[in-house]
């Protein structure tokens, strides 16, 4: 018997989220009438209250700014979520325990390998150190790809403003994990010159809206291979679906 279940997305803001349409279509295609809706939660106090009573949900996704902040309020974590310190998918067990997973790991790893192919003997520069960055760094470690992290807040190997031509030339894989350039702030650009990026570079921006950020547009003009985050988005969503459907809730 196909019991109707409830799922949703937690984060703020959620104006540009693709998840509702994507999952409702996915449920329908697979013959179920499960529901999925957005739960915009504006601050941590609201999040904590919601987690204590998650409205009869069977599972939900977590997006910015809560991928890391949610962890102390969960009862258990998958190996990937524990290792990278970020959660984007939660299963609510039969006894209402909250089990955290990280499907960004699967989505990023699959899309990255499709993107760079056999070109794994390169050094990566990761822009940003938030929840998405944690999954990216975890995958790079798995693949034995050496990397450096640059962030605006100084919690990395470099500040973004320290990135120069020489650094870019020595890092042939550049992975942009911040919201810089995301809709509606599409004119916003990274705070450093992309001089030094050329045809040997692979430039990956996790943003998918717009399809081409200022970063990707400039990198492409300079001959680099480019990829946005849409494929990763679909892959991580499919993995969340698989986790929910295989759980005994």
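The values are calculated or read from the model by the stated rules, or taken from the named source; none is laboratory data. It should be emphasised that the depicted structure is a prediction, and the values quoted were computed from it without experimental measurement. Ideal geometry is used to build each Cβ from the backbone, glycine not excepted, and the neighbour counts take in all protein chains shown.
For this structure, a couple of remarks:
- Residue 72 modelled with pLDDT of 95 or more and either closer than 26 Å to residue 142 by Cβ or crowded, with 20+ Cβ neighbours inside 10 Å (or both): yes
- Residue within the stretch 239-248 that is in a loop (DSSP other than H, G, I, E, B) and either surrounded by 16 or more Cβ atoms within 10 Å (Cβ to Cβ) or in contact with a strand residue (DSSP E or B) (Cβ under 6 Å, 6 or more places away or on another chain) (or both) present: yes
- Filter result for residue 56 (loosely packed, with under 11 Cβ neighbours inside 10 Å, part of a loop (DSSP other than H, G, I, E, B) and in contact (Cβ under 8 Å) with a residue 24 or more places away in the chain): yes
- Pairs, first under 7 Å from residue 228 (Cβ atoms) in the stretch 202-215, second part of a strand (DSSP E or B), C-beta under 6 Å, six or more apart: 205/176
- Taking the stretch 12-23 as the range and being under 19 Å from residue 238 (Cβ atoms) and under 15 Å from the mean Cα position of the chain (by Cα) as the test, the residues that pass are 17, 18, 19.
- Count of the stretch 15-45 residues which are surrounded by 13 or more Cβ atoms within 10 Å (Cβ to Cβ), assigned to a loop (DSSP other than H, G, I, E, B) and in contact with a helix residue (DSSP H, G or I) (Cβ under 9 Å, 6 or more places away or on another chain): 4
- When residue 177 is tested against the conditions (1) over 21 Å from residue 111 (Cα atoms); (2) modelled with pLDDT of 95 or more; (3) surrounded by 16 or more Cβ atoms within 10 Å (Cβ to Cβ), the lone failure is (1).
- The conditions of being over 30 Å from residue 32 (Cβ atoms) and either surrounded by fewer than 15 Cβ atoms within 10 Å (Cβ to Cβ) or in contact with a strand residue (DSSP E or B) (Cβ under 6 Å, 6 or more places away or on another chain) (or both) are not met by residue 218.
- Against the numbered list (1) at pLDDT 95 or above; (2) over 20 Å from residue 228 (Cβ atoms); (3) surrounded by fewer than 19 Cβ atoms within 10 Å (Cβ to Cβ), residue 199 comes up short only at (2).
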